[in-house]
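The values are calculated or read from the model by the stated rules, or taken from the named source; none is laboratory data. Since we're looking at a predicted model, the values are computed, not measured. Note: ideal-geometry Cβ built from the backbone for every residue, glycine included; neighbour counts use all protein chains shown. We work out accessible area using only protein heavy atoms, side chains counted, and drop any ligands, DNA or RNA first. Shrake-Rupley method; radii C 1.70, N 1.55, O 1.52, S 1.80 Å.
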Amino acid sequence: MPLYLNDDQTMLRDTAKDFVASEAPIAHMRALRDADDATGFSRTLWKQFAEMGFTGILIPEADGGLGLGHVEAGVVLEEIGRNLSPSPFLATAVAAVEALRGTAAAAQWYPGILSGETVAALAIDEGAKHNGRIAMQAERSGNGFRLTGAKQFVTHGHVADLLLVAAKTENGTTLFAVPNDAAHLTVTPERLADSSIAARLRFDGVEVDADAVIGEVDQGNGPLARLLAAGRTGASAEMIGVGGGAMDMTVSYLRERKQFGVAIGSFQALQHRAAHLYSEMEVAHAAVLKAQQLLDAGPEYAAAAEAVAVAKAMTGLATTLAVQEGVQMHGGIGMTDEFDIGFFMKRARVLAEMFGDSNFHADALAEASGY
């Protein structure tokens, strides 16, 4: 598989680039932050994403979507990252869509996602770091289940229409679709470093019926694996956009900023650092595209697990380098709101933690290799 976009994917990239830069630039994020917006993103903009067809990229044509793949979803995510656009696209149109794929719940939730009416949130993490361990219990209750436990770092969990909740059942793990207005559910929103909003969720005996099960009871590892593979690859694509945006801004600054009457970009030491950064970003971009292509190649996600882990680990490292070099090369002004570069660092930090950081995935790769 060639590590570049085909003609159709390039056209989609150009469309997404123009749309996101026009409708959701960095100024849009600044406006939401300065207004202390309680939602954390624009519902109107989310419906515009739907009108553009973006929300249906991964939804099969038989269900009314475009029936495209992770490469195409990643094209949109890169532009979201490049513009720091607050959006539920990653959690809803990528991770949730993949978790629902092939299940009875898809017919209930896909139409709302396609129309931009539905926002999904992923309630999978329970500790300070993503580790895959699930303590939440789901006990049989009548013809349904009673959920007890807590989740945190649930992006958009305070306003989501649909909560995808992973819980332990009698003989395994089960994924549930829980409405956000369920009784005995306590939601506590918290603003993150990048001004986005996540929530802590407390389930004190939340009752759901059997229809809330995504897939089969005790067989939730399948939908959860699809969710995580899509989410990790999607977060990697968005990080590539963040890192690329920071790099472009830094290179532009090196060309414009002058010291001693010459552009600082003419200084050899800074040229070496910029060249090193470019190389790291290109390698990370190739890793992400490879993971996307493998996910699109077939339904067997285990075959792509290694590539997904490589992509998430490498983009975490490369994007961290991009934003740190960006702030440093901007000098003291890079730490102020006067320049946008600091916002890239904050967004990169949140994305790096989402679905497991570089250390988590490096460790997973090492264990898979017998270390």
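Over 19 Å apart at the Cα level, from the set LYS129/LYS346; LYS129/LYS151; LYS151/LYS346; LYS129/LYS312; LYS17/LYS346, are LYS151/LYS346; LYS17/LYS346.
Here's how it looks for THR155: its modeled amide H is under 5 Å from those of LEU122, ALA199, which are all 5 or more places away or on a different chain.
Could you state the angle between the C-alpha long axis of helix 221-256 and the longest principal axis of the C-alpha atoms of the chain, as a value from 0 to 90 degrees rounded to the nearest 10? Computed tilt is about 20 degrees. Extending 7 Å from the Cα toward the beta-carbon at both GLU23 and GLU190 defines two label points whose distance is 3.2 nm. A dipole drawn for the chain from +1 and -1 charges on Cβ atoms has a positive end, and of THR188, VAL97, GLY69 the residue lying farthest that way is THR188.
With a Förster radius of 56 Å, plug the Cβ-Cβ distance of VAL262 and GLU61 into 1/(1 + (r/R0)^6) and report the FRET value to the nearest 0.05. Provide the component values of the computation, followed by the final result.
Values: r = 56 Å, r/R0 = 1.01.
Computed FRET efficiency for VAL262 and GLU61 comes out at 0.50.
Amide H contacts for ASP125 (H built 1.01 Å from N in the peptide plane; partners 5 or more residues away or on another chain; cut-off under 5 Å): GLN152. Ignoring the sites themselves, the chain has its longest run without GluC sites (Glu not before Pro) in a DSSP loop having at most 10 other Cβ atoms within 10 Å at 1-299.
Taking amide H atoms as placed 1.01 Å from N in the peptide plane, the amide H of VAL206 lies under 5 Å from those of LEU147, each 5 or more residues away in sequence or on another chain.
Note on exposure: VAL71, VAL217 ranked by accessible area (1.4 Å probe, complete protein assembly) read VAL217, VAL71, with the most exposed listed first. Rolling a 1.4 Å probe over the heavy atoms of the protein chains gives the stretch 1-157 an accessible area of 42 Å² per residue.
Comparing GLY172, GLY149, GLY215 in a Gaussian network model of the chain (Cα springs below 10 Å), the most mobile by mean-square fluctuation is GLY172. Taking Cα atoms only, the orientation of helix 7-23 departs from the longest principal axis of the chain by about 80 degrees.
Taking the Cα centre of the stretch 75-208 as the origin, how large is its charge dipole in debye, to the nearest 20, when only Lys and Arg (+1) and Asp and Glu (-1) carry charge on their Cβ atoms?
Rounded to the nearest 20 debye, it is 300 debye.
Rounded to the nearest 10 degrees, the inclination of helix 70-82 to the longest alpha-carbon principal axis of the chain is 50 degrees. Summing charges over all other residues whose Cβ lies under 14 Å from the Cβ of GLN108, with Lys and Arg as +1 and Asp and Glu as -1, gives -4. Among GLY316, GLY220, GLY127, the residue with the largest mean-square fluctuation in a Gaussian network model of the chain, with springs joining Cα atoms closer than 10 Å, is GLY127. The figure for LYS258 is an accessible area of roughly 120 square angstrom, using a 1.4 Å probe on the protein chains alone. With both labels modelled 7 Å from their Cα along Cα-to-Cβ, the ALA183 to ASP14 distance reads 5.7 nm. Within the stretch 85-99, what residues put their amide N at less than 17 Å from the label point 7 Å along the Cα-to-Cβ vector of SER252? Hits in the stretch 85-99 for SER252 at 17 Å: 85. With every protein chain in place and a 1.4 angstrom probe, the accessible-area ranking of TYR110, TYR371, TYR253, TYR4, largest first, reads TYR371, TYR4, TYR253, TYR110.
Ordering ASN221, LEU294, PHE267 by Cα displacement along the dipole of the stretch 214-371 toward the positive end leaves PHE267 in first place; charges were set at the Cβ atoms of Lys, Arg (+1) and Asp, Glu (-1). Comparing PHE41, THR148, ALA366 along the charge dipole axis of the chain, the residue lying farthest to the positive side is ALA366, per the Cβ-charge model.
Dividing the Cα radius of gyration of the stretch 300-352 by 2.2 N^0.38 Å, with N the residue count, gives 1.47. Along the stretch 51-65 the Karplus relation, 6.51 cos²θ - 1.76 cosθ + 1.60 evaluated at θ = phi - 60°, assigns HN-Hα couplings of 4, 6, x, 5, 5, x, 4, 9, 7, x, 4, 4, 9, x, x Hz to successive residues, with x for each Gly and Pro. Distance between the 7 Å Cα→Cβ label points at GLU367 and ASP36: 4.3 nm. Taking all protein chains as they are arranged and a probe of 1.4 Å, the heavy atoms of LYS129 leave approximately 90 Å² accessible to solvent.
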